[in-house]
Amino acid sequence: MILLNGNTIHLQGKTLSYVMIRNHEEDLLNYHFGAKIPDMDYSSDPDVNKESFPFFRAPAEHPNLSSFPQEYPAYGRAEQRHPAFQLVNALGNSITALKYKSCRVLEGQAAEIPGMPAVFSGGKADTLEITLSDDAIGLTVLLSYVVYDEYDIIARSAALINDAQKPIVLRFAYSCCVDFPVHDYDLIHFCGDWGMERGLQRTRLHKGMTTEIADNTGRGSRWNNPFVMIARPETDEDHGEVFGFNLVYSGNHSTVVQCDHNSHLRVMQGVSPTSFRWELQPGELYHTPQSVICYSARGMGELSREYHRFYKNHLMRSKWVNRQRPILVNSWEGAYFTFTEETLLQLAKTSKDAGIELFVLDDGWFGKRDDAKSSLGDWTVHPAKFPNGLASFAEKLNAMGMLFGLWFEPEMVSPDSELYRAHPDWVVRVPQIEPIQYRFQYVLDLSRDDVCEYVIDAVSKILGSVNIAYVKWDMNRIVCDAPFEGYHHRYALGYYRIMKALTEAFPEILFEGCCSGGGRFDPGVLAYMPQIWTSDNTDAVSRLKIQYATSMCYPLSAMGAHVSAVPNHQTGRITSLKARGDIAYAGMFGFELDLTKMTEEEKAEVAQQAAYAKHIQPLIRDGDLYRLRSPFETNECIWEVVSPEKDHVFMMACRVLTVIMRSRYFDPKVRFRGLDPDAVYEDTVTGLRYSGSLLMNRGITLSYEFKDFATITMELRKV
Ligand code: GLA
């Protein structure tokens with residue numbers, strides 16, 4: 001709801017208020033962000049007009065904006081803290097001062113961002129657009145706020161318009177700025193790398209500290225995810241205030257957190273200033289991506305559930321968001337590059353016999369690719385591996401009753417490829433300098449229209465001629481050797497252009513994003529692809545932390561989770577098939593191993609797992625997640641998923657390392673959450689019955705097997 005009352009602009013969500021005020025000088029100030037407050041004009045509050053040194057202020061002077069919370073702080077005049085944007089104006093200097101001009105409400109609409117993904121309304125959103133301007137330098141800034149009555153979410157973005165007669169150069173422009181009146185918060189962010197994505201970090205903020213959480217690898221979230229939380233020190237899963245910031249963007253991003261000298265806290269999120277530069281000709285606009293801001297007064301668990309619900313309903317566009325996803329087998333860890341049509345058909349047949357529904361052919365099917373050294377860009381079938389062509393292979397799978405899925409790495413080119421030989425100038429590079437190769441490959445220059453068109457065309461040819469149900473879209477290197485400043489943003493726009501074109505042209509295909517595992521797990525990808533490969537690390541124990549931390553922002557329905565062989569190829573660890581399955585159930589389930597090498601007993605267990613994953617998927621996909629015990633803080637990891645109707649429950653508990661055998665009395669208890677306290681729930685395996693209030697208040701004992709990596713699952717139905 002958007003409420004305009006005198007000089008007060010008030011956004012209300014389900015339980016939140018976000019309040020801005022125009023002061024007597026037409027500066028736009030942030031007044032409150034947090035729990036809902038009444039609708040009234042707050043501009044006469046003495047707080048709004050307070051300053052640090054009022055006695056030394058001449059009547060004609062501007063207020064000292066450095067002591068006020070602001071909506072979109074400008075650089076170079078009355079504000080000395082970190083600005084939300086900086087530019088070289090038409091006069092050749094960098095000073096700017098924005099004044100409030102007007103605002104308008106777009107009822108029932110969500111602001112769209114040209115060329116970039118954004119949240120959508122679904123008839124449920126209103127957008128507030130505020131116009132600010134600096135008439136002296138010819139700059140207009142539009143601030144957009146998409147707000148929903150049903151959610152505690154605000155999606156913010158900004159657009160900068162050059163109204164001057166000469167070009168303006170943007171050095172950076174953040175999507176949002178939120179100024180909090182106090183600084184006693186913790187910063188929670190997600191830092192990782194290949195095989196260890198999204199490591200959860202929690203740091204106390206202190207006065208005078210400016211911190212940046214950024215990723216400049218050109219592909220989004222490799223080292224730092226664009227999701228950051230600001231939490232009260234006492235905030236935990238179930239209690240306390242917490243604010244989330246998540247950028248709908250797959251390129252270089254930055255979140256700046258500044259605790260100033262007056263103990264205020266400023267949080268800004270947007271495209272990373274590193275290597276950014278954008279020239280605006282007279283009359284041109286620059287759009288920032290959108291930052292999805294979320295508020296919870298009931299801990300991080302509620303914040304996560306809010307993001308999950310919101311993304312499933314108002315960000316993810318694929319038809320597959322609420323559809324039953326097929327249980328898949330992926331060829332990568334089972335075969336790598338070494339396969340023939342016959343070996344794959346054998347694997348497919350064995351998988352089909354175990355109830356697996358989709359066969360995904362990973363890397364190695366195209367050009368002359370027998371290792372990582374060639375053929376990226378040549379999206380034509382490998383003739384020696386598929387002498388009868390890919391369509392015929394797909395037909396054989398379909399005849400078996402299996403769907404066919406295919407791996408692509410559309411943004412890349414190998415130096416040893418027909419494509420590179422024909423177009424050596426299509427790679428991201430500076431002409432005079434030899435570009436860096438990673439994994440024997442170059443990045444295609446997606447800032448060029450002709451390159452984007454080639455990629456769309458080459459991938460479409462395969463998707464249009466072979467019966468393909470699923471695509472894994474990979475991206476295996478950093479984007480460097482940028483030919484000009486501001487290149488990375490142009491690259492991101494090219495990436496979105498291709499992804500939009502392909503997902504719209506093939507709406508029935510289930511797309512899964514991937515980036516050397518989970519190196520590009522962000523809402524920009526989710527807007528087009530309903531699921532993302534969470535990590536190349538398929539070790540069940542490592543997956544506890546990776547999936548737990550990923551769930552802080554992203555829904556379980558977005559996480560690819562596979563059972564693989566042991567010893568695990570990434571860690572060497574040996575875990576039971578049961579543990580591998582139990583942990584993978586909390587994601588979009590699949591296998592990534594050579595089933596033909598398994599014993600009959602193992603195959604029977606795989607068949608049971610495939611059937612169970614199919615059965616439990618609607619709950620995992622559509623239910624509410626409760627994290628009951630953290631693998632970052634304890635020797636256990638416990639999660640629980642409850643259906644929206646609270647009548648179906650799945651719980652998984654893992655004790656990582658065994659502890660000494662003692663009486664059952666000392667076994668750990670688990671207390672469930674989110675159940676109907678008045679209902680009776682029945683364990684679908686043992687038939688034991690428990691009241692919802694008992695499960696939530698007393699809890700039940702977990703009797704782990706006495707061994708490392710022991711897991712327990714429990715499924716409950718309301719009686
Ligand atoms: C990346 C992906 C893997 C696999 C390989 C293929 O590493 O994350 O899942 O597809 O590429 O080369």
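Coordinate-derived values only; no laboratory data. Since the model is a prediction, treat every value here as computed from it, not as a measurement. A quick note on method: Cβ atoms are made from the backbone with ideal geometry, for glycine too, and the neighbour counts reach across all protein chains shown.
List of remarks:
- Cβ-derived FRET efficiency at R0 41 Å, Q437 paired with D678, nearest 0.05: 0.05
- Candidates V427, L28, Y151 compared by Cα position along the dipole of the chain: farthest toward the positive end lies Y151, with charges placed on Cβ.
- A Förster distance of 41 Å, applied to the separation of the beta-carbon atoms of E602 and N388, puts the FRET efficiency at 0.85.
- Dipole moment magnitude, nearest 20 debye, segment 424-570 about Cα centre, only Lys, Arg, Asp, Glu C-beta charged: 380 debye
- In a simple Cβ point-charge model (Lys, Arg +1; Asp, Glu -1; nothing else charged), segment 95-218 has a dipole of about 360 debye relative to its Cα centre.
- F506-D238 pseudo-label distance in nm [points 7 Å out on the Cα-to-Cβ vector]: 4.6 nm
- Per-pair calculated FRET efficiency, R0 = 56 Å: D371 and V659 via Cβ, rounded to 0.05: 0.80
- Cα-based Rg / Dmax (Å) for segment 569-613: 10.6, 28
- Sorted by Cβ neighbour density within 10 Å, fewest at the top, the residues R77, R204: R204, R77
- Spin-label pair A136-N49: with each label point 7 Å from Cα along the Cα-Cβ axis, the two points sit 2.4 nm from one another.
- For the chain, the longest principal axis of the C-alpha atoms and the axis of helix 449-465 are separated by about 30°.
- Placing unit charges on the Cβ atoms of the charged side chains and taking the dipole of the chain about its Cα centre, the candidate lying farthest along the positive direction among V360, Y626, L526 is Y626.
- When the inverse distances between all different Cα atoms of segment 229-309 are averaged and flipped, the Kirkwood radius reads 14.7 angstrom.
- P(r), alpha carbons of segment 567-651 - 10 Å bins starting at zero, rounded %: 15, 41, 32, 11, 0
- Inverse mean reciprocal Cα-Cα distance (Kirkwood Rh) of segment 623-719, Å: 13.7 Å
- Relative contact order for the chain, counting Cα pairs under 8 Å that sit 6 or more residues apart, in percent: 10 percent
- Segment 647-719 and segment 122-200: distance between their alpha carbon centers, rounded to Å: 43 Å
- Translational D in µm²/s for the chain (Stokes-Einstein at 25 °C, 0.890 mPa s, Kirkwood Rh from C-alpha pairs): 91 µm²/s
- Rough spin-label spacing in nm, given labels placed 7 Å along Cα→Cβ, for T340 and R421: 2.6 nm
- Taking a ≥ b ≥ c as the square roots of the eigenvalues of the Cα gyration tensor, segment 454-546 is oblate, since a/c reaches 1.5 or more and a/b is not larger than b/c.
- Dipole of segment 276-334 [Lys/Arg +1, Asp/Glu -1 at C-beta], most positive-end residue of Q324, V292, Y307: Q324
- Residues of type lysines that K500 reaches as a straight line, Cα spacing below 23 Å, ignoring anything fewer than 8 places off in the same chain: K312, K319, K461, K472
- Protection proxy ranking for 147-157, 186-196, using the average of other Cβ atoms within 10 Å per residue and placing the highest first: 147-157, 186-196.
- Square roots of 5 times each gyration tensor eigenvalue, C-alpha, segment 549-691, largest first, Å: 26, 20, 17
- Among D683, D457, D363, a tally of other beta-carbon atoms within 10 Å of each Cβ gives an order, fewest to most, of D457, D683, D363.
- Taking Cβ atoms as reference points and 10 Å as the exclusive limit, the residues near I21 contribute a net charge of -4, counting Lys and Arg as +1 and Asp and Glu as -1.
- Projected area averaged over orientations for segment 384-496, convex hull of C-alpha atoms, nm²: 8.1 nm²
- Sequence of S44, S516 once ranked by neighbouring C-beta atoms within 10 Å, starting from the fewest: S44, S516
- Calculated [222 nm] ellipticity per residue, helices only, for the chain: -6000 deg cm²/dmol; basis is -39500 (n - 2.57) per DSSP H run with n ≥ 4, divided by all residues, nearest 500.
- Charge tally in the Cβ shell below 11 Å around Y495, where Lys, Arg are +1 and Asp, Glu are -1, Y495 excluded: +4
- Derived value for segment 300-363: Kirkwood hydrodynamic radius 14.4 Å. Basis is the mean of 1/r over every pair of different alpha-carbon atoms.
- Distance between segment 541-614 and segment 29-46 - C-alpha centres, whole angstrom: 49 Å
- With Cα atoms, 0 to 90° folded angle of helix 390-400 axis to the chain main axis: 60 degrees
- Each peptide in 517-524, 496-503 gets a packing score, the mean of other Cβ atoms within 10 Å over its residues, and the list from highest to lowest is 517-524, 496-503.
- For the chain, the antiparallel share of DSSP beta bridges with both residues in that region comes to about 80%.
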